[in-house]
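Here the structure comes first, spelled out in C-alpha cells, and everything after it is commentary.
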Amino acid sequence: MKKYVTFALSAISLLSISGLASCSGSKKTIYVGTMSQPGEPILKHIEKEYEDKTGYNLEIQLFTDFATPNNALAQGEIQANLFQHKPFLDTYNENNKTDLASAAIMYDCAYGGYSKKISNLSDLPEGAKITIANDGSNMKRCLDILDAEGLIKVDYGTTATADLNPDTVNSYIVENSKNLVISPIATNLIAASLDEKDVYIGIVNATFAINAGLGSSSNLVCQEQDPTHKNANILACKTEDLKEDWLTALVEVLTSKETDAFITSTFGSTITPYHG
Amino acid sequence: MSLKTYITEYLGKYLLTTLEMVGITLLIGAVIGTILGSLLYITRKSKKKWVQVLYKVLDFIVGLIRSFPFYILIFVLLPFTRLLGLRAMSNEGFIVPLTIAAIPFIGKIIEGSLIEVNEGVVEAATSLGLSPWQIITRVVLREALPSIVSGITLSLITLIGYSAMSGAVGADSLGSFAYNFGMISYDTAAMLYAVGTIVILVVLVQTIGNFIYKLVK
C-alpha cells in the first residue's frame with residue numbers, strides 16, 4: 001500500500017510542477033471570455049493576427065451562461081469579454097457595484113420574435129404563450145418589442161432596468177387585451193421552447209434562432225427596431241485597463257475592415273458590424 | 001460542424017482538458033479519500049467517547065459536502081479557489097470544486113468497501129498483536145482492494161459526468177463542448193460527437209477498471 005501512496009504523491013507533485021512550468025511562459029496571456037455564438041468564431045478569427053501583431057498570447061475562454069463572464073472580468077480572471085450589450089453591462093455594474101467599461105462597440109445583433117405556428121402577428125390566438133429572456137435588460141428588450149407591436153402595453157414606473165425582475169413580469173404589463181401569457185426563460189432555451197404546444201412566439205437573438213432552424217422569413221413575426229444602436233454588443237474590460245496597449249491592439253483587430261467582412265460573410269444579416 | 005472539424009480542431013484540446021481535470025482530481029481525491037475512508041472506518045467502531053464524537057463530526061462534514069448540489073458547490077468555492085492563488089474561473093480552477101466534491105464521495109465508497117471486510121480477519125490480525133495502523137494498511141485495505149478498485153472506477157465515471165458542468169465557470173471539458181457547441185448552438189452533430197467521445201471514454205474506463213479488478217482479485 002505504501003508503494004501506491006508514494007506513487008500517487010509523486011505523481012501529484014510531478015503534475016503540479018509541470019502545471020506551474022506551463023504557467024510561467026514568458027509571453028503575457030490575455031484571457032477573453034465569450035460564448036459559443038457569435039463571439040467564439042470572431043475571436044478565433046482574429047486570434048493569430050493579434051498574437052503575431054502584439055506578441056501576447058490570446059486565450060479564448062468559453063462560458064455557458066450570461067451570468068458568469070462579467071464576474072470573471074470583475075475578479076480579474078479574464079481581461080475582456082465579448083457577449084453583451086451596454087444595457088446588460090450597466091445592469092451588472094449597478095447590481096454588483098462594479099466599474100466595468102465598454103472598450104469598443106462591436107456589432108448589432110438582430111433580435112426578434114419567431115414562431116413555428118403563425119406567420120403573422122394578427123393570427124395570434126387569445127391566451128397564447130410567449131417566451132422571453134429572463135435577465136432584466138433583455139426581458140425589457142423583449143417586452144418593448146411586444147409593446148411596439150401593440151400586443152401589450154408596458155409601464156416600468158420608477159423601476160430601473162437593473163431592478164427588473166422576471167418573477168414579477170406581469171406587474172410591468174398594464175394592458176394585455178389578448179390575455180397573452182408572457183413567460184421569461186433562459187435565453188438559450190427560447191428557440192427550443194417553440195416546440196412546446198402552447199408557445200406561439202419566442203423572442204430571441206437571430207443567431208440562436210437561425211441555428212435552431214428558424215431562418216426562413218415565415219418564422220420571423222416581429223423584429224426589434226434599434227435606430228440608436230443602444231443594444232449593439234460591446235467588448236467589455238475593466239475601467240483601469242482602458243488605456244492599456246494590449247486592449248488598444250485588441251480593439252484595433254476586432255474592429256478592422258477585414259474582421260467586419262468576416263462577420264458579414266459568416267453571420268449574414270443576423271450580425272451587422274457597427275462601431276459607433 | 002463536420003466530423004473533420006471536430007477531430008482536427010476541437011477533439012484534442014477538449015479531450016486533454018477533460019482527462020487532465022478528471023485525472024488530477026482522481027489522484028488527489030483517491031489519496032485523501034482513502035485516508036478519510038480509513039479514518040471513518042476506524043473511528044466508527046471505537047468504544048471511546050471522544051473518538052465517537054470525532055466520527056460523528058467527520059460523518060457530518062462528509063454528508064454536508066455530499067448534499068451540496070455540485071452546480072452550487074462550484075460557485076460557493078470560487079473565493080476559496082482564489083485564496084489558493086488559482087484563477088477560479090479556468091481549467092485549473094475547476095479542479096478545486098471537483099476535488100472537494102470527489103473527496104467525500106470517494107471517502108464514503110472506501111469506508112463502505114472496508115466495512116465489507118470480514119470481521120474474522122480483523123480479529124485474527126488483532127490477536128496476532130498487529131497495531132491498528134498495521135491492521136488498516138496491511139490487512140483491511142488489502143482485503144478490500146478489489147472492492148476499492150471498482151469503487152474508484154465508479155468515482156472516475158461520476159467525475160467525468162461532473163466535469164460537464166465546467167462550462168459554468170468558463171472551463172473546458174467534453175461536456176461543456178457538447179453544451180456550448182451542441183446544445184446552445186443547436187448543432188446536433190457537434191453534440192453527438194462530444195457525447196460519443198464521452199461514451200467511448202467511459203466504456204474505456206470501465207473496461208480498464210474491470211481488468212484491474214480481476215487482476216487484484
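Before we move on, is B:Thr5 more than 24 Å from B:Lys108 (Cβ to Cβ), surrounded by fewer than 17 Cβ atoms within 10 Å (Cβ to Cβ) and within 14 Å of another protein chain (Cβ to nearest Cβ)?
Here the answer is yes, as B:Thr5 does meet what is asked.
Does B:Ile184 satisfy the criteria of being facing another protein chain (nearest Cβ under 9 Å), of a type in the set (Val, Ile, Thr) and buried (at least 20 other Cβ atoms within 10 Å of the Cβ)?
Taking the combined requirement at face value, the residue satisfies it.
Please work out if A:Asn70 is crowded, with 17+ Cβ neighbours inside 10 Å, free of Cβ contacts under 8 Å to residues at least 24 places away in the same chain and part of a helix (DSSP H, G or I).
It is false that A:Asn70 is crowded, with 17+ Cβ neighbours inside 10 Å, free of Cβ contacts under 8 Å to residues at least 24 places away in the same chain and part of a helix (DSSP H, G or I).
Filter region B:83-116 down to residues that are within 25 Å of B:Tyr14 (Cβ to Cβ), more than 15 Å from the chain's Cα centre (by Cα) and in a helix (DSSP H, G or I), then give me how many there are.
Summing the residues that are within 25 Å of B:Tyr14 (Cβ to Cβ), more than 15 Å from the chain's Cα centre (by Cα) and in a helix (DSSP H, G or I) in region B:83-116 gives 3.
Looking at this structure, is B:Gly129 surrounded by fewer than 17 Cβ atoms within 10 Å (Cβ to Cβ), outside any helix (DSSP H, G or I), of a type outside the set (Phe, Trp, Tyr) and modelled with pLDDT under 95?
Judged against the criteria, B:Gly129 is a match.
Mind listing just one residue for me: the one in region A:119-137 that is out of contact with any strand residue (DSSP E or B) (no Cβ under 8 Å at 6 or more places or on another chain) and part of a helix (DSSP H, G or I) and, of those, surrounded by the most Cβ atoms within 10 Å (Cβ to Cβ)?
A:Gly136
Quick one: A:Asp135 ticks every box in (1) more than 23 Å from the chain's Cα centre (by Cα); (2) in contact (Cβ under 8 Å) with a residue 40 or more places away in the chain bar one, so which box is it?
The single condition A:Asp135 does not satisfy is (1).
What is the number of the single condition among (1) over 26 Å from the mean Cα position of the chain (by Cα); (2) surrounded by 15 or more Cβ atoms within 10 Å (Cβ to Cβ) that A:Ser177 does not meet?
(2)
Considering only residues that are in contact with a Gly (Cβ under 9 Å, 6 or more places away or on another chain), within 11 Å of chain A (Cβ to nearest Cβ) and over 15 Å from B:Leu26 (Cβ atoms), which ones fall in region B:145-165?
B:Ala164, B:Met165
Quick one: how many residues across region A:168-200 are away from chain B (no Cβ under 14 Å) and either over 22 Å from A:Asn93 (Cβ atoms) or among the hydroxyl-bearing types (Ser, Thr, Tyr) (or both)?
Residues meeting the conditions: 21.
Among the listed residues B:Val57, B:Val62, B:Val76, which satisfies the condition of being out of contact with any His (no Cβ under 7 Å at 6 or more places or on another chain) and under 18 Å from B:Ser155 (Cα atoms)?
The unique qualifying residue is B:Val62.
Based on what the data block shows, is A:Leu214 assigned to a loop (DSSP other than H, G, I, E, B) and buried (at least 18 other Cβ atoms within 10 Å of the Cβ)?
Yes, satisfied.
Run down A:Ala128, A:Ala206, A:Ala162, A:Ala212 and say which single residue is more than 14 Å from chain B (Cβ to nearest Cβ) and modelled with pLDDT under 90.
A:Ala162
Kindly provide the set of residues from region A:186-201 that are surrounded by 15 or more Cβ atoms within 10 Å (Cβ to Cβ) and either of a type outside the set (A, V, I, L, M) or within 8 Å of A:Thr131 (Cα to Cα) (or both), ordered by number.
A:Thr187, A:Asn188, A:Ile190, A:Ser193, A:Val199, A:Tyr200, A:Ile201
The values are calculated or read from the model by the stated rules, or taken from the named source; none is laboratory data. Computed from a predicted model, the values in this text were never measured in an experiment. Quick reminder, even Gly has a Cβ in these numbers, built from the backbone with ideal geometry, and neighbours come from all protein chains shown.
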